[in-house]
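Enquirer: Would you mind keeping the following structure in view while I ask a few things?
The values are calculated or read from the model by the stated rules, or taken from the named source; none is laboratory data. Here the structure is a predicted model, which means the values were calculated and not measured. All Cβ positions, even for glycine, are placed from backbone atoms using ideal geometry, and neighbour counts span all protein chains on display. Each accessible area value is taken on the protein alone, full model and side chains, heavy atoms only, with ligands, DNA and RNA left out. Shrake-Rupley method; radii C 1.70, N 1.55, O 1.52, S 1.80 Å.
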Amino acid sequence: MTFQQIFNQLPETQASASGRVNLLGEHTDYNDGFVLPTAIPQQTTVKLGFSDDGQHQFYSRNLQERVTILDIHHTPSGFASYIFGCIEVLKQAGYTIPSLNVYVQSSVPIGAGLSSSAALEVATLRAIRQLLDLPIDNVEIAQLAQQAEIHYVGVQCGIMDQMASSLADTQHILFLDTRTLERHVLPFPNNTTILVIDSGVPRTLATSGYNQRWAECQEARQLLAVKALRDITVASLTEILPEPLNHRARHVVTENNRVLEVLQGVTPERFGELMNASHTSLRDDYEVSVPALDTLVEVLQKTPGVFGAKLTGAGFGGVCVALVALGEEKIIAPQVLKQYKNAGYAGQILVPNFEVSDAV
Ligand code: GLA
């Protein structure tokens, strides 16, 4: 159904925002650390109109679900919570937001670890900025989006996803210092590109596991008497912490150091080694991997033309990202899917956007 069919009017405006994949710097952003995301081609589009019955109405084309906000003191659940959160944070920032008709459609896979949430938040905020001509810049959009997610969705997320969705493009890697918001646009390593593969395993424990890791990092930084784990730069300093905080903190420290090494300029081979080390650390120290992701990463790492691979995003299922030789994606992808299938799983290539035939 179109906007017009749902709301009986034409949209006043529309805006889009991309999903992201993170190449390195996982679970560092809520520790004031460093990240290296890039945008993916998949986007979320939000269309807006004014609602004339005094109530916000949200429609998701993907879910074919319509939500009417009858009570603004009660946060809705599901996709509506993100849109509602964006409207509420704008109101708290002092803007007057009229009742809106909001229509969402997305090609970002939902819940796979590619920031469908941030894409929805950023697209919503961009569309409202456009509709009401609000004086908000792209960094503020990311900050408001993060607040919406923390306070209205209930995830203690860092700012990586929202900054990536608001500022990154698909042709570059965005280096971001999540404490200062200092950022640099980096090229991909020479003659490389990325493959993003869905493991086929949903991220079931993502929210609870994520918030638990966040709490463990808070505890670790308090015991180490630092503002954030970012302030520890030598991994051995985390050894005084009790289990499992020592491992959690060691992941954050080593992961930050891996990102900083990339910033100095590295070969594709070294970039790949750092991604492999990141996955090992996420699996063993941070414990956010699952067997399917480990299998997929192992298959990728053994495939010629792949420099390195890791899980990406929060973990607990979802997608893997690999750095591969440019031009070899179409040879690598079917080999990887076949091997992964032999191990009992069903994967899917999400980036680049091409069909992989079964005839390997
Ligand atoms: C999720 C969060 C991000 C970040 C990643 C892990 O995507 O939204 O803020 O913490 O997990 O790197």
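Enquirer: Does any residue of the stretch 298-307 turn out to be part of a loop (DSSP other than H, G, I, E, B), β-branched (Val, Ile, Thr) and open to solvent by 60 Å² or more (accessible area, probe 1.4 Å)?
Expert: Looking through the stretch 298-307, none of the residues is part of a loop (DSSP other than H, G, I, E, B), β-branched (Val, Ile, Thr) and open to solvent by 60 Å² or more (accessible area, probe 1.4 Å).
Enquirer: Of these, Val288, Val266, which one is farther than 13 Å from Val196 by Cα and either crowded, with 22+ Cβ neighbours inside 10 Å or within 16 Å of the ligand (Cβ to nearest atom) (or both)?
Expert: Every option except Val288 fails the conditions.
Enquirer: Only one of these conditions is not met by His56: (1) in contact (Cβ under 8 Å) with a residue 24 or more places away in the chain; (2) within 23 Å of Cys157 (Cβ to Cβ). Which number is it?
Expert: (2)
Enquirer: If you take the residues of the stretch 14-23 that are assigned to a strand (DSSP E or B) and within 24 Å of Gly318 (Cα to Cα), which of them is nearest to the ligand (Cβ to nearest atom)?
Expert: Checking each candidate, the answer is Asn22.
Enquirer: So is Thr233 in a loop (DSSP other than H, G, I, E, B), open to solvent by 30 Å² or more (accessible area, probe 1.4 Å), within 24 Å of Leu176 (Cα to Cα) and out of contact with any strand residue (DSSP E or B) (no Cβ under 6 Å at 6 or more places or on another chain) or not? Reasoning before the result, please.
Expert: On the way: in a loop (DSSP other than H, G, I, E, B): yes; open to solvent by 30 Å² or more (accessible area, probe 1.4 Å): yes; within 24 Å of Leu176 (Cα to Cα): yes; out of contact with any strand residue (DSSP E or B) (no Cβ under 6 Å at 6 or more places or on another chain): yes.
Judged against the criteria, Thr233 is a match.
Enquirer: Still on this model: Filter the stretch 308-320 down to residues that are buried (at least 24 other Cβ atoms within 10 Å of the Cβ) and of a type outside the set (Gly, Ala, Ser) and give me whichever is nearest to the ligand (Cβ to nearest atom).
Expert: Across the stretch 308-320, the extreme among qualifying residues is Thr312.
Enquirer: Take Thr295 and decide whether it is open to solvent by 20 Å² or more (accessible area, probe 1.4 Å), more than 16 Å from the ligand (Cβ to nearest atom), modelled with pLDDT of 95 or more and out of contact with any strand residue (DSSP E or B) (no Cβ under 7 Å at 6 or more places or on another chain).
Expert: Here the answer is yes, as Thr295 does meet what is asked.
Enquirer: Looking at (1) closer than 29 Å to Val336 by Cα; (2) open to solvent by 40 Å² or more (accessible area, probe 1.4 Å); (3) in a helix (DSSP H, G or I), which one does Arg250 not meet, given that it meets all the others?
Expert: Failing condition for Arg250: (1).
Enquirer: While we're here: Are there strands (runs of 3 or more DSSP E) fully within the stretch 74-189 with at least 3 residues that are out of contact with any Pro (no Cβ under 9 Å at 6 or more places or on another chain) and open to solvent by 30 Å² or more (accessible area, probe 1.4 Å)? List them.
Expert: Counting at least 3 such residues, we get 183-186.
One line per residue, one yes/no per condition, for (1) assigned by TED's automatic domain parsing to the domain that holds Leu120; (2) buried (at least 16 other Cβ atoms within 10 Å of the Cβ); (3) within 16 Å of the ligand (Cβ to nearest atom); (4) at pLDDT below 95:
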| site | (1), (2), (3), (4) |
| --- | --- |
| Gly25 | yes, yes, yes, no |
| Asp32 | yes, yes, yes, no |
| Thr38 | yes, yes, yes, no |
| Pro41 | yes, no, no, no |
| Thr45 | yes, yes, no, no |
| Gln57 | yes, yes, no, no |
| Ser60 | yes, yes, no, no |
| Glu65 | yes, no, no, no |
| Leu70 | yes, no, no, yes |
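Enquirer: Considering only the stretch 190-211, state which residues are modelled with pLDDT of 95 or more and surrounded by 15 or more Cβ atoms within 10 Å (Cβ to Cβ).
Expert: Result: Thr192, Thr193, Ile194, Leu195, Val196, Ile197, Asp198, Ser199, Gly200.
Enquirer: Which numbered condition trips up Ala112, out of (1) within 16 Å of the ligand (Cβ to nearest atom); (2) within 22 Å of Pro11 (Cα to Cα)?
Expert: Answer for Ala112: the failing condition is (2).
Enquirer: Taking the conditions exactly as written (of a type outside the set (Asp, Glu), away from the ligand (no atom under 16 Å from the Cβ) and assigned to a loop (DSSP other than H, G, I, E, B)), does Pro11 satisfy them or not? Steps first, answer last, please.
Expert: Values: of a type outside the set (Asp, Glu): yes; away from the ligand (no atom under 16 Å from the Cβ): yes; assigned to a loop (DSSP other than H, G, I, E, B): yes.
Yes: the conditions hold for Pro11.
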